[in-house]
Amino acid sequence: MKRQSWFLTIASTLGFVFLYVPIVSLIIFSFNKSKLVTVWAGFSTKWYGKLFSDPQIMGAAWISLKIAFISASLALVLGTLAALSLARFRRFRGKTLLSAMISAPLVMPDVIIGLSLLLLFVAMENVFGWPAGRGLTTIIIAHTTFCMAYVAVVVQSRLITMDASLEEAACDLGARPVRVFLDVTLPVISPALVSGWLLSFTLSLDDLVIASFVSGPGASTLPMVIFSKVRLGVSPDINALATIIIVTVAIGVAIAASRLKPRKGG
Amino acid sequence: MSMRANLLRLAGLLKALGFRGRSIVIGVPLWWLVLFFLIPFLVVAKISFSEAIIARPPYSSLIEWSGDGVMLIKLEFSNYAYLLEDSLYVSAFLSSLKIAFFSTVIVLLVAYPMAYRIARASEGARNILLMLVILPFWTSFLLRVYAWIGLLKTKGIVNNLLMSLGITSEPIVMMQTNFAVYLGIVYTYLPFMVLPLFTTLVKLDSSILEASSDLGARPMTTFFKITLPLSVPGIVAGSMLVFIPVIGEFVIPALLGGPDTLMIGKVLWNEFFSNRDWPVASAVAMVLLVLLVIPIMLLRNAQTASSEASS
């Protein structure tokens with residue numbers, strides 16, 4: 001095996017370098033004095049100041065955080081229920097349908113999800129008068145729908161590997177199903193619930209395409225504002241925004257990974 | 001603990017109202033997905049058969065009542081005929097399939113050594129390397145695509161570097177080309193391939209590999225005869241996780257590609273947002289959906305195969 005290992009080392013190292021070069025360049029040029037994002041002209045933090053004084057970006061960031069918080073929380077509940085149904089109930093009507101519908105959003109192109117939900121909302125408004133117009137509510141419904149799929153996948157894999165005898169013992173001792181869930185299942189799957197919620201939160205915060213379809217006037221999310229700015233060219237305040245997001249996520253993931261290290265055999 | 005108490009009280013209340021716990025656990029997510037995932041596709045299918053009109057909403061109704069109370073259902077196949085007639089749509093579909101296919105192959109070639117290296121690493125190094133693969137996945141997709149604009153621009157970082165090293169005297173045009181689109185796709189979808197490959201490679205029994213080399217097989221032979229065939233489920237799952245979303249990709253061709261980069265996601269977007277032709281956009285979406293049925297079934301089979309193998 002020694003002979004081929006130099007190839008393996010070089011190829012895999014290049015792969016990791018490739019993953020990080022764009023991110024590192026984003027961060028470096030966010031501290032650039034010049035407006036040109038590609039020529040170094042000295043250290044400066046002025047783009048961060050400009051970012052925080054831009055009312056459009058700050059407003060959109062606030063809208064996006066609100067949407068992400070609500071969608072992730074709804075997706076957590078719905079996704080966990082779906083995972084429980086698929087992992088704990090042996091047979092029920094609609095099981096194949098549920099399992100197909102819960103895995104399809106993971107790969108379905110965003111343009112299809114966005115277009116189809118928008119057309120549904122328009123049709124519903126015509127027939128029932130709800131939702132009146134489009135905005136925060138419609139984005140939250142759309143994000144909840146695709147995020148619950150991610151929650152379900154994460155929670156389901158935890159439920160499958162969990163030792164079922166714990167739940168059986170609680171049942172045998174006379175606990176009702178809701179108590180078994182709250183006192184036995186919930187503590188065991190809570191790391192999966194935390195990562196499912198965090199994953200949903202970041203996915204919602206990141207979505208451009210679906211939000212563009214189902215959004216309405218006055219509800220521009222952060223990715224929508226970034227996209228319209230970036231289309232006109234590179235701007236250093238977007239680099240500053242990217243740096244803040246990347247550093248926050250890196251710290252969050254590091255904390256989560258050190259706290260939620262899955263116990264072996266559990 | 002008050003949250004727990006409240007949940008127990010809620011459960012009791014629902015039970016008193018005659019709901020069965022099981023039917024709520026199943027019913028709530030099932031009906032949510034039927035309403036917001038399944039029915040929307042039926043609406044798209046319906047509108048793809050209607051006619052574009054200048055109104056709100058901008059499409060005609062399929063059902064008309066004639067004067068004597070007879071219901072007429074009018075299906076317009078013209079949107080689909082239009083997709084076939086205008087070469088733009090056919091070539092956009094073909095070009096998306098081509099880009100998705102070749103970028104999946106490139107992602108596989110880049111990801112395989114990485115996944116293999118992670119799977120063979122010591123436990124401590126393995127967790128760090130896995131974290132390094134997952135971390136970019138958690139940061140904004142849009143901003144990671146944006147990062148390439150600064151690198152690939154005519155006066156960008158890569159060209160500045162090449163020119164200062166004397167490799168070229170003129171900047172190379174990389175932005176707004178298919179090269180930039182491929183690069184962006186390979187970059188953003190790399191983690192989707194590395195993770196499933198890693199999952200199958202890490203389960204590989206190292207005693208089989210040792211047996212093979214003890215029997216005199218060279219490393220290359222062992223790789224092609226044993227490692228590669230045994231990692232097929234990971235290859236299929238990873239490839240589909242890349243191939244399917246790339247076909248409908250919009251952000252990467254919109255930001256890195258040029259006007260001649262044809263991808264169906266961009267065509268659908270323009271049809272909807274620029275031309276405001278909802279029926280044609282719906283017809284494009286329906287054709288795209290039909291194209292995706294086979295890859296999605298392949299993915300489901302690969303996933304059930306690997307979950308059965310692990311349990």
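Quick note: the coordinates plus some simple rules give every number you see, no bench work behind them. Keep in mind that what you see is a predicted model, and the values were worked out from it rather than measured. Note: ideal-geometry Cβ built from the backbone for every residue, glycine included; neighbour counts use all protein chains shown.
Structure notes:
- Mean per-residue shielding of peptide B:127-139 is 5, counting Cβ atoms of other chains within 10 Å of each Cβ.
- Cα shape, chain A, gyration tensor, a/c 1.5 rule: oblate
- When the charge dipole of the stretch A:43-191 is built from unit charges on Cβ atoms (+1 for Lys and Arg, -1 for Asp and Glu) and taken about the Cα centre, the candidate among A:Leu97, A:Leu74, A:Ser44 whose Cα reaches farthest toward its positive end is A:Leu97.
- Centre separation in Å (Cα based) which lies between the stretch A:163-185 and the stretch A:60-111: 24 Å
- A Cβ-based charge dipole, computed about the Cα centre of chain B with Lys and Arg at +1 and Asp and Glu at -1, lands at about 1180 debye.
- By average C-beta atoms within 10 angstrom, highest first, the peptides A:39-46, A:85-92: A:85-92, A:39-46
- Residues A:Ser73, A:Ser103, B:Ser23, A:Ser204, arranged from fewest to most other Cβ atoms within 10 angstrom of their Cβ, appear as B:Ser23, A:Ser73, A:Ser103, A:Ser204.
- Here is what passes the span test in chain A: the DSSP H helices with alpha carbon length of 18 Å or more along the helix axis and a Kyte-Doolittle mean of -0.5 or above are A:2-30, A:55-88, A:95-107, A:110-128, A:136-161, A:186-206, A:236-259.
- Here the stretch B:170-230 and the stretch A:197-241 have alpha carbon centers that stand 33 Å from each other.
- Contact order for the stretch A:1-97, expressed relative to its length and based on alpha carbon pairs under 8 Å spaced 6+ residues apart, stands at 11 percent.
- Highest mean packing comes first when the peptides A:157-166, A:134-143, A:211-220 are listed by Cβ atoms within 10 Å, giving A:134-143, A:211-220, A:157-166.
- Under-5 Å amide H pairs with B:Tyr59, H placed in peptide plane, nonlocal only: B:Ile53
- Helical segments meeting 18 Å axial Cα length and Kyte-Doolittle -1.0 threshold in chain B (DSSP H): B:2-16, B:21-33, B:87-120, B:123-138, B:178-202, B:232-247, B:278-310
- Listed peptides B:178-186, B:96-104, A:177-185 appear in the order B:178-186, B:96-104, A:177-185 once ranked by packing, highest mean of other Cβ atoms within 10 Å at the front.
- With the simple model of a label 7 Å out from the Cα in the direction of the Cβ, B:Ser213 to B:Lys15 spans 6.0 nm.
- Taken about its Cα centre, chain A carries a charge dipole of about 540 debye when Lys and Arg each add +1 at the Cβ and Asp and Glu each add -1 at the Cβ.
- Taking the centroid of alpha carbons for each part, the stretch B:109-139 and the stretch B:245-308 are 29 Å apart.
- Per-residue ellipticity at 222 nm, computed for chain B from helices alone with -39500 (n - 2.57) per DSSP H run of at least four residues, works out to -23000 deg cm²/dmol.
- Average other protein chain Cβ within 10 Å of Cβ, residues B:188-195: 1
- Theoretical FRET efficiency, 1/(1+(r/R0)^6), r = Cβ-Cβ of A:Trp6 and B:Ser91, R0 56 Å, to 0.05: 0.80
- Distance violations [Cα-Cα > 28 Å] among A:Lys66/B:Lys153; B:Lys155/B:Lys266; A:Lys50/B:Lys155; A:Lys95/B:Lys15: A:Lys66/B:Lys153
- Shielding by partners - mean other protein chain Cβ count within 10 Å, residues of B:39-50: 5
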